[in-house]
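J.: Input: one structure, supplied below.
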Amino acid sequence: METARETACPAGLLVYLLRMAFKTLTISEEAHRRLKRHQLPGESFTQVILREIPEPLETAGDVLDYLSAQPPPRLDRKALAALRKGRGRRSNRR
């Protein structure tokens with residue numbers, strides 16, 4: 001949570017100081033590895049979490065607005081190759 005506090009400067013200007021509340025979390029090694037994999041260059045774990053776990057969306061309009069504002073997903077070349085390799089095969093399921 002951010003809190004703002006006004007501070008008077010000698011020149012009569014107001015300066016807003018932002019203080020950020022911090023929490024210490026304990027996570028498993030696997031959770032840490034997953035966060036690291038999703039982390040973009042220069043991005044903090046806080047930014048990764050906020051990007052990857054958005055606020056719940058309540059209406060179809062909220063969903064549309066959210067998806068319109070998101071960048072396209074990163075391409076997983078291994079998954080794409082597996083998908084292409086499997087095309088045209090018949091399933092053994094009955």
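We did not get these values from a lab; they are worked out from the coordinates using the rules stated. The structure displayed is predicted, hence computed values, not measured ones. Glycine gets a Cβ as well: all are built from the backbone with ideal geometry, and neighbour counts include every protein chain shown.
J.: If you keep only loop residues by DSSP, which GluC sites (Glu not before Pro) in the stretch 29-94 have at most 10 other Cβ atoms within 10 Å of their Cβ?
T.: Of the GluC sites (Glu not before Pro), the ones in loops of the stretch 29-94 whose Cβ has at most 10 other Cβ atoms within 10 Å are Glu58.
J.: Using a Förster radius of 30 Å, what is the FRET efficiency between Glu55 and Lys78 based on their Cβ-Cβ separation? Nearest 0.05, please.
T.: Computed FRET efficiency for Glu55 and Lys78: 0.45.
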